[in-house]
Amino acid sequence: MSSKIDGGSSALSHLPQDVIRRGGIYAQLQCCRSSSKDGEPRRYQLGIDEAGRGPVFGPMVYGAAISEVGKSDALGRMRFNDSKQLTEAERSKLFEDIHKEAVQDDGVLGFAVHVLSAHEISTKMLRRNKVNLNRISHDTAIGLIEHALSEGINIKEVYVDTVGDPDRYQSKLSSIFKRRGVDTIVVCKKADAIYPICSAASICAKVVRDRLVQEEVSYYPEAESVASKCRSIKVGSGYPGDAQTVEWMEKAMDPVFLFPRQIRFSWSTIEEMEKKRAIEFDWHEDPDGNDENVSGGNNSRRLSQPTLQSMFNAAKRPRRKVFTSRGLIIEDDREEL
């Protein structure tokens, strides 16, 4: 199994394995920590954009790019553009340039990426207290700004490509960061096509996500069985409307265990495939039928409220059949045997 990302941009090989496998933040901000010649903190602008919000496969990646305020000419010379308008080779080359700048003390541009795995997205969207994708996106952007500030970088301007209503999103960010010294906060549609700093962030997010999607199958325990079924099929873009992605998912799907963890189980596409192709199961709350706390049909479960007297009752309750029939004991009971 591959232990790191090979091919494409050599800079991607620097991503730590825990970020690749479980998600998290990876940043190169060396160039953003120096003071100006007069000893005053340099003023920095930060741009944010994401890649992979809509796909059913793979992570969502948020990118942040940071440069000194007033360095627009330097950014212009790097010829950033909305990452979707560039070829894969052009994006990879620009990401290499960004990485080289970021690790130099006198570089003009630093960056950070936050990888949110498909597993993390699904867990948040499907848990009891559900978190929708907009909230996840907002929290991730806020986290990247917080990360830059925690590194001692004097962020004065923030530009964000919107998720949801731009005015409400801008007000939300302003309420958090204006009091922390950020003077300008702009949230708008197509920010990656308007502000070069957002274009740079878009490139970081897109390159990292694309490379992770291409390599991701090899990172997980179930990879070998998936690869054996899908070796001749490319994943495609990861979007549910991509025929190549759908074909890969149909091949990768197990009728019992469903999909590998690179799939976002919270997407409606997955629910539809499960209904058509998965084996149905009946789940019973009480397999031995002896639980006095279970009431009614349709697997309903009602727990009785214990009385104060019962809490002080020294008598042991009989153990349930599901444990005794299997010879399962509590550690404290071993001396009694």
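Here are a few things to note about the model shown:
Yes/no per residue for (1) of a type outside the set (A, V, I, L, M); (2) surrounded by 18 or more Cβ atoms within 10 Å (Cβ to Cβ); (3) at pLDDT below 90; (4) on the phi < 0 side of the Ramachandran plot:
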position	(1), (2), (3), (4)
H14	yes, no, yes, yes
R22	yes, no, yes, yes
R33	yes, no, yes, yes
D38	yes, no, yes, yes
G47	yes, yes, no, yes
A64	no, yes, no, yes
E68	yes, yes, no, yes
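- Filtered residues of the range 185-209 (kept if within 13 Å of L86 (Cβ to Cβ) and out of contact with any Phe, Trp or Tyr (no Cβ under 7 Å at 6 or more places or on another chain)): D192, A193, S202, K206
- Going through (1) in a helix (DSSP H, G or I); (2) at pLDDT below 75 one by one, G289 falls short only on (1).
The values are calculated or read from the model by the stated rules, or taken from the named source; none is laboratory data. Worth saying up front: this structure is predicted, and the values here are computed from it rather than measured. All Cβ positions, even for glycine, are placed from backbone atoms using ideal geometry, and neighbour counts span all protein chains on display.
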